[in-house]
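See structure below.
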Amino acid sequence: MALRGTAVWLLLWAVVLSPPSLLYGATLQLNNGLGQTPQMGWNSWNFFGCEISEELIRETADALISSGLADIGYKYVNIDDCWSSHRNKQGNLVPDEETFPSGIQSLADYVHAKGLKLGIYSDAGILTCERRPGSLFHEVADADTFASWGIDYLKYDNCFNLGIKPEVRYPPMQDALNKTGRPIFYSLCEWGRDDPATWASTVGNSWRTTDDIQDSWKSMVAIADLNNQWASYAGPGGWNDPDMLEVGNGGMTFNEYRSHFSIWCLMKAPLLVGCDVRNMTAETYEILSNVEVIAVNQDSLGVQGSKVSKQGSEECLEVWAGPLSDSRVVVALWNRCTEGNNITALWEDVGLDSNALVAVRDLWEHRFLPENYVGNVTMFVDSHDCKLYILVLDEEKRKHAKQ
Ligand SMILES: OC[C@H]1O[C@H](OC[C@H]2O[C@H](O[C@]3(CO)O[C@H](CO)[C@@H](O)[C@@H]3O)[C@H](O)[C@@H](O)[C@@H]2O)[C@H](O)[C@@H](O)[C@H]1O
């Protein structure tokens, strides 16, 4: 009897002293093999919020195919918050019967038949931000449900989290997803609260570094700067996530959206379209479908580019740069000032030898500049616009490149 009492006390102490992730049995190892390049697709939240339905998801999948966006890499069709209503008697999540009457598995079948992938949303708290059931303490049941439906991607949010640290709440879902045996991209959305870049690469395939983006120049610029500080932590398998694209939602000009897309691609951010792809303007399509800019984002080297210099009296003329495969360098000349101006990229700032002779490919004009450059390149950039170039060192490579 005394022995049994001691054993009970020892067990209780072990429970009290163990980190909760160990109690959950998390392996702290990401082994899904996904995210070798940043994820590309569409997400319902930025434009539709809670106004979602199975028709919308099907029509969006159709539009991704018919527009050609799917062919150039936008494969994930991601349902955000508001798809679920409650847990059933067995404790499993139930899709909203009014908006998703056919269930999620039928949507997965639908998008898979088109060669696309289906993403879903839950929350590492007791409720989602829109007060649907959360997955905290239900990780295994919910991961099993998602896998049984054929889900390919989970965005995992941060509301109603009981004050438990993200480092404790996010690994159990990773472990549960791993155990399903289905490769499910794991997108952490803890809004950068606990500097996830420093710990999340062993947990998920991407991690939000900031609060939500808004469809405005001010928000987009602020978020780019916040995400920039974590550049060295990104790489194949795990990416900083400065939130989804606002391109096409109406709150910014063409130049501003072009800047947004250029910098997100240079920063190796997830490219999750956040507009209504069934009704895109030609301008929106032109930005989202620029395959040369997308190739920067999807480059096999997987290095996040960063801000390398600030110029002008207000320091709002910026150069961002990063290395690409085959010794190439991507350079953005980003004018954040209210007037057009010249911006100069110095070779020494972008990681090139100052004597290097360089061919310059303009990724928005789709042409090489007529001359080669040594030491620097200076270009006039309109207010709030962004030039995006690839610098090619080797003349031979240029001969083989697209003209
Ligand atoms: O419900 C789906 C969304 O859930 C997250 O966003 C939650 C809310 O985020 C914003 O609110 C605040 C303050 O601006 O930002 C923090 C998170 O970024 C949160 O603490 C604050 O409440 C938005 O203003 C609000 O509209 C969102 O509901 C998630 O980040 C989103 O991507 C959606 O998935």
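The values are calculated or read from the model by the stated rules, or taken from the named source; none is laboratory data. What you are looking at is a predicted structure, and each value in this text was computed from that prediction instead of being measured. Every residue, glycine as well, gets a Cβ built from its backbone with ideal geometry; the counts of neighbours run over all protein chains shown. Surface accessibility is based on the protein's heavy atoms, side chains included, excluding ligands, DNA and RNA. Shrake-Rupley method; radii C 1.70, N 1.55, O 1.52, S 1.80 Å.
Note on Glu314: accessible area is roughly 150 Å² with a 1.4 Å probe, heavy atoms of protein only. Dividing the C-alpha radius of gyration of region 143-285 by 2.2 N^0.38 Å, with N its residue count, gives 1.10. The separation of region 242-313 from region 191-234, counted between C-alpha centres, amounts to 15 Å.
Taking the C-alpha atoms only, the angle from helix 2-17 to the longest principal axis of the chain is near 20 degrees. The relative contact order of region 53-108 comes to 34 percent, based on Cα pairs under 8 Å that sit 6 or more residues apart.
Restricting to the chain, what percent of DSSP beta bridges are antiparallel, rounded to 5? Percentage antiparallel, nearest 5: 60.
Cysteine residues of the chain whose C-beta has no other cysteine C-beta under 4.7 angstrom: Cys189, Cys265, Cys275, Cys386.
Give the Debye-formula value of log10 I(q)/I(0) at each listed q (0.06, 0.07, 0.14 Å⁻¹), with one equal scatterer per alpha carbon of the chain, two decimals each. Relative scattering, expressed as log10 I(q)/I(0), comes to -0.26, -0.36, -1.20.
Roughly to the nearest percent, how much of the accessible area of the chain is carbon and sulfur, given a 1.4 Å probe?
53 percent
As a length-normalised measure over Cα pairs under 8 Å and 6 or more apart, the relative contact order of region 112-208 settles at 27 percent.
Ranking Asn31, Ser219, Leu93 by how far each Cα lies toward the positive end of the dipole of the chain (charges on Cβ) leaves Asn31 at the top. Remark: region 68-117 carries 45 Å² of accessible area per residue (probe radius 1.4 Å; ligands, DNA and RNA excluded). Summing charges over neighbours of Gln214, with a neighbour being any other residue whose Cβ is under 12 Å away from its Cβ, gives -4 when K and R count +1 and D and E count -1. Residues of region 183-217 with amide nitrogen under 15 Å from the 7 Å Cα-to-Cβ point of Arg87? Once the point is set 7 Å along Cα→Cβ of Arg87, nothing inside region 183-217 turns out to lie under 15 Å by backbone N. Of the residues Arg208, Arg182, the one with the largest accessible area comes first in the ranking Arg182, Arg208, computed with a 1.4 Å probe on protein heavy atoms. For the set Phe368, Phe137, Phe261, solvent exposure ranked by accessible area (probe 1.4 Å, protein chains only) runs largest to smallest as Phe137, Phe368, Phe261.
Stretching the chain fully between Asp362 and Asp195 yields a gain of 56.6 nm (0.36 nm per residue, less the alpha carbon separation). Taking every Cα-Cα distance in region 259-403 and sorting them into 5 Å bins starting at zero, the pair-distance distribution P(r) comes out as 2, 10, 20, 22, 21, 14, 7, 3, 1, 0 percent.
Per residue, region 165-207 exposes 29 Å² of accessible surface when a 1.4 Å probe is rolled over the protein heavy atoms with every protein chain present.
In the chain, helices alone account for a calculated mean residue ellipticity at 222 nm of -8500 deg cm²/dmol, with every DSSP H run of four or more residues adding -39,500 (n - 2.57). With respect to the chain, whose longest principal axis is taken over its alpha-carbon atoms, helix 217-228 is tilted by about 80°. Restricting the trypsin sites (Lys or Arg not before Pro) of region 129-196 to loop positions (DSSP other than H, G, I, E, B) with no more than 14 neighbouring Cβ atoms within 10 Å leaves Arg131, Arg193. Relative to the first principal axis of the alpha-carbon coordinates of the chain, what is the inclination of helix 171-180, with its axis defined by its Cα atoms, in degrees from 0 to 90 and to the nearest 10? It is inclined by approximately 80 degrees.
For Lys218, Lys117, Lys89, Lys307, give me the order by solvent-accessible area with a 1.4 Å probe, most accessible first, ignoring ligands, DNA and RNA. Show your work: numbers first, answer last.
On the way: Lys218 165, Lys117 85, Lys89 200, Lys307 50 Å².
Final ranking, largest accessible area leading: Lys89, Lys218, Lys117, Lys307.
Solvent-free Debye calculation, one equal scatterer per alpha-carbon of region 110-226: log10 I(q)/I(0) at 0.16 Å⁻¹ equals -0.77.
What number, in percent, do you get for the relative contact order of the chain if the mean sequence gap of Cα pairs under 8 Å and at least 6 apart is divided by its residue count?
13 percent
Surface analysis of region 231-370 yields an accessible area of 35 Å² per residue, using protein heavy atoms and a 1.4 Å probe.
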